[in-house]
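A short worksheet on the structure shown next.
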Amino acid sequence: MLLRLIPQEVLPLRAARRTLFARRNSISVTKYGRGAHAERMMTMNDSLSARVRSILTKEGVFVLGDDLAETIRRTSDRLPRAQDVSDDEQRCPTTLAGIRANLDRLFVRHLHQVQESLLLPEAFDRLDECCKRGAMRIADIGSGLGAAAMAAMDVANKTVGMLGGGRGSSLATDIVLNDVSEPALAEGQRMLRSAASRIASRLRLRQMVPLSTPFPASAKQLRRIAGMLGPYDFIFMSYSLVSVKEEALYTEIAGGLRCVTELGEGSTCGIILQDKFHESMARRLAGELGVSCNKVTIRQEVHDRSNSNEVQSYTFFRSVLSGKTAPVTVC
């Protein structure tokens, strides 16, 4: 049905990965085979990501900022409410009532999980490069309403602010939304434009391209779009495997991901997220890609219908991919 897959490059844990020791007021970094300049840069990025995390969280709990909360609330309020929306329709909405149910129950949860994933060293290094370059390109495969793209916009906006970007320096952002649900694509574009307008001083939404061809059949189109915009910096695939029924599809999906991520020649960061109820699917795709699949738990603030707040822990599975890890694929 809604096959939402991101051609993001799943970056494996590198042997030269940093180890961060924070002790009160001092930070020391252990590296392997890195020069002094690279070590200083990684230390700076660690410190920067920690500062961004402190804005996204409160006492270790991810909370939704007022700008995004208002965007989501306004979108939800103007959509019809239905009492009998199925779980499948909430996850992969194809109707306006399904879109509202997704916004009310699942959207913020997925957004926080992408935010947390973008603070990983391998992802944040790429984000830092985007902010310094002044441009970011995103492919959100199986995008639904664009939770992953919105999360990336939000984290990037905060990072630009930390780097000292003000009115004179904005991050030009291009986004490709790939989903088979036309209503979800339409509402997702409206929400992302609204979110961008609220953070316009630091982020400029340059182009947004909707793509309704199902993945992995859309891989060739995604490559053509990248040929015009430039290689993607981030490729997201969030909660997209629930519709995979045939074993052979995992090979096709993995091939499609490699087909798109290799364009970045190792610089593209791909993040694949899947809920804890589909662990076998997440591990099956990771195995096909030859990358690790890790179980992650984060704490998030949840807004219920009575407008009170509560904190819950959510567990999901994550893989990270880069073009350097994927063999060349002809597509």
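General observations
- Simple spin-label estimate for A50 and M162 gives 1.1 nm between the two label positions (7 Å along the Cα-to-Cβ direction from each Cα).
- Long-range HN-HN contacts of C269 with modeled amide H, under 5 Å: E9, F234, I235
- Each residue of region 76-87 was assigned a 3J(HN,Hα) from its phi angle through the Karplus curve 6.51 cos²θ - 1.76 cosθ + 1.60 (θ = phi - 60°); the sequence is 5, 5, 8, 9, x, 9, 10, 8, 10, 7, 5, 4 Hz, with glycine and proline shown as x.
- Taking each residue as 0.36 nm, the span from M228 to V296 lengthens on full extension beyond its C-alpha to C-alpha distance by 20.9 nm.
- Rounded to the nearest whole Hz, the Karplus-based 3J(HN,Hα) values (6.51 cos²θ - 1.76 cosθ + 1.60, θ = phi - 60°) of region 312-321 follow the sequence 10, 9, 10, 10, 8, 10, 9, 10, 10, 10, with x at glycine and proline.
- Across all C-alpha atoms in region 49-100, the radius of gyration and Dmax reach 15.2, 42 Å.
- Put simply, when 80-90, 108-118 are sorted by average Cβ atoms within 10 angstrom per residue, most first, you get 108-118, 80-90.
- At q = 0.08, 0.11, 0.15 Å⁻¹, base-10 log of I(q)/I(0) for region 56-325 (Debye sum, equal scatterers on each alpha carbon): -0.29, -0.56, -1.13
The numbers here are math on the coordinates, done by the rules we state, and not lab data. Since the model is a prediction, treat every value here as computed from it, not as a measurement. Note that each Cβ is placed from the backbone with ideal geometry, even for glycine, and that neighbours are counted across all protein chains shown.
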